[in-house]
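Shown next, in structure tokens, is the structure this report addresses.
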Amino acid sequence: MTQIKKRTTASTLLADKQNHRKHVWLTAYDTPSATLAELSGVDVILVGDSLGMVSLGFDSTIPVTLEHMIHHTAAVVRGRDKAWVVCDLPFGSYQQSPEQAFESAAKVLQQTGCDAVKIEGGKHMAATIAFLSERGIAVVAHIGLTPQSVKKFGGFKKQGGNPEAAQVILNDAQAVSNAGAVAVVLECIPDDLAKEITQSITIPTVGIGAGKDCDAQILVWHDLLGLSEKNPPFAPAYSNLRDTITQTIGQWADDVRSGK
Ligand code: KIV
């Protein structure tokens, strides 16, 4: 298992792209999961707004608030040592204007101690990314399948499946890179498109359902560990903690009931 020796930073991520060193990103939502991710050699912890779906029982990320994100990101920061911590700005907290995005990002950075914020959107968010970046905020962009737009997409569907749609995503990647994003998440797009994007921009690409050629990979904690009831088709479970946990609790419950 690789241990991370130095604190990951935005410059480490950029330099590592040039040196072809792949990064490992994982979501986490509380102090113990951040500590375990850290001990396992994860470079970057994302406090994703997937929080809403995997931990808070919502059926999309839309109901997640800035207060939810601040509460959980502060807990993650308390559990990390060297990992870079990124907080998702939730739906409605940044889309209105660059100024609104700055206000939300400043609140998150001041109240949690995290290192960067992530926002969804490509070309149309480039001005906001530039606004934040020019004011010293590290921004991770997120394009392709952007879950906060699930109602517009009509479900969690693969994006960029025809040449026109692929070109839009390629343009989005170039726009967020030129605007000053530090990295870009590519979610659920064809592998060859992710490869082309990775080769054509200077910032690291972080793939989820985007093939093996991205500079980094990210998974959601619950999907990786087999805690989710059902994983997305592109998210492999490397363990089955759901069964382990129910068997463990069930064993204890049997012992209680039998007076043991
Ligand atoms: O919210 C989240 O966990 C994410 C990752 C899936 C990239 O945005």
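We did not get these values from a lab; they are worked out from the coordinates using the rules stated. Note that this is a predicted model, so its numbers are computed, not measured. Counting neighbours? That spans all protein chains shown, and the Cβs are built from the backbone with ideal geometry, glycine included.
How far apart, in nm, are two points set 7 Å out from the Cα along the Cα-to-Cβ line at Thr246 and at Ala165?
Result: 3.4 nm between the two label points.
Let a ≥ b ≥ c be the square roots of the eigenvalues of the Cα gyration tensor of the stretch 122-226; is it rounded (a/c under 1.5), or, if not, prolate (a/b larger than b/c) or oblate?
Numbers: a/c = 1.39, a/b = 1.28, b/c = 1.08.
Rounded shape, in that the Cα axes give a/c under 1.5.
Along the stretch 120-134, what does the Karplus equation 6.51 cos²θ - 1.76 cosθ + 1.60 (θ = phi - 60°) give for ³J(HN,Hα), rounded to whole Hz, x for Gly and Pro?
Calculated HN-Hα couplings, in order: 8, x, x, 3, 5, 9, 4, 5, 5, 4, 4, 4, 5, 4, 5 Hz.
Roughly how large, in nm² to one decimal, is the mean projection of the convex hull of the alpha-carbon atoms in the stretch 192-260?
Numbers: hull surface 22.5 nm².
Here the figure is 5.6 nm², rounded to one decimal.
Where Lys and Arg each count +1 and Asp and Glu each count -1, what net charge lies around Thr31 among other residues with Cβ under 10 Å from its Cβ? Mind showing how you got there, number by number?
Values: positive: Arg78, Arg80; negative: Asp30.
Net charge around Thr31: +1.
Can you work out ³J(HN,Hα) from phi for every residue in the stretch 161-176, in order, using Karplus 6.51 cos²θ - 1.76 cosθ + 1.60 and θ = phi - 60°, giving whole Hz and x for Gly and Pro?
Per residue, the Karplus-derived 3J(HN,Hα) values read x, 10, x, 5, 5, 5, 5, 4, 5, 4, 4, 4, 4, 5, 5, 6 Hz.
Quick one: net charge around Ala127, please, counting Lys, Arg +1 and Asp, Glu -1 for every other residue with C-beta under 12 Å from its C-beta. Display every interim value, and only then the final one.
Working: positive: Lys123; negative: Glu99, Glu134.
Summing Lys/Arg as +1 and Asp/Glu as -1 gives -1.
Val256 to Gln95: extension gain in nm, 0.36 nm per residue of separation minus the Cα-Cα distance?
Numbers: separation 161, 0.36 × 161 = 57.96 nm, distance 5.17 nm.
Extra length available between Val256 and Gln95 comes to 52.8 nm.
Report, by chain and number, residues whose modeled amide H sits under 5 Å from the one on Lys118, excluding near sequence neighbours (fewer than 5 apart, same chain).
Cys87, Asp88, Leu89, Val140
Pull up the cross-link candidates among the aspartates and glutamates for Lys5, meaning alpha carbon to alpha carbon under 13 Å and not fewer than 8 places away within one chain.
Lys5 reaches Glu38, Asp43, Asp81.
Taking 7 Å along the Cα-to-C-beta vector as the label spot, tell me the Asn19-Glu229 distance in nanometres, rounded to one decimal.
A separation of 4.5 nm, rounded to one decimal place.
How many nm separate the modelled label positions at His124 and Phe58, each set 7 Å beyond the Cα in the direction of the Cβ?
1.9
Can you tell me how much longer the chain between Ala237 and Phe102 gets when fully stretched, taken as 0.36 nm per residue apart minus their C-alpha distance, in nm with one decimal? It would help to have the intermediate numbers written out before the result.
Details: separation 135, 0.36 × 135 = 48.60 nm, distance 3.61 nm.
Separation in residues times 0.36 nm, less the Cα-Cα distance, equals 45.0 nm.
As a quick test, which of the pairs Lys82/Lys195; Lys6/Lys151; Lys107/Lys152; Lys107/Lys195; Lys6/Lys212; Lys118/Lys158 have an alpha carbon distance above 32 angstrom in this structure? Spell out each step's value before the answer.
Details: Lys82/Lys195 29 Å; Lys6/Lys151 41 Å; Lys107/Lys152 28 Å; Lys107/Lys195 35 Å; Lys6/Lys212 25 Å; Lys118/Lys158 20 Å.
Checking Cα-Cα distances, Lys6/Lys151; Lys107/Lys195 exceed 32 Å.
Find, among the trypsin sites (Lys or Arg not before Pro) in the stretch 1-109, those assigned to loop by DSSP (not H, G, I, E, B) with at most 12 other beta-carbon atoms within 10 angstrom. Before the final figure, lay out the partial values.
On the way: sites: Lys5, Lys6, Arg7, Lys17, Arg21, Lys22, Arg78, Arg80, Lys82, Lys107; in loops: Lys5, Lys6, Arg7, Arg21, Lys22, Arg80, Lys82.
Qualifying residues, ordered by number: Lys5, Lys6, Arg7.
Output wanted: per-residue J couplings in Hz (rounded whole) for the stretch 104-112, from phi through Karplus 6.51 cos²θ - 1.76 cosθ + 1.60, θ = phi - 60°, x for Gly and Pro.
5, 5, 4, 4, 4, 5, 6, 8, 10
Could you pull out the trypsin sites (Lys or Arg not before Pro) across the stretch 145-192 that fall in loop regions by DSSP (anything but H, G, I, E, B) with no more than 15 other Cβ atoms inside 10 Å?
Values: sites: Lys151, Lys152, Lys157, Lys158; in loops: Lys157, Lys158.
Hits after loop and neighbour filter: Lys157.
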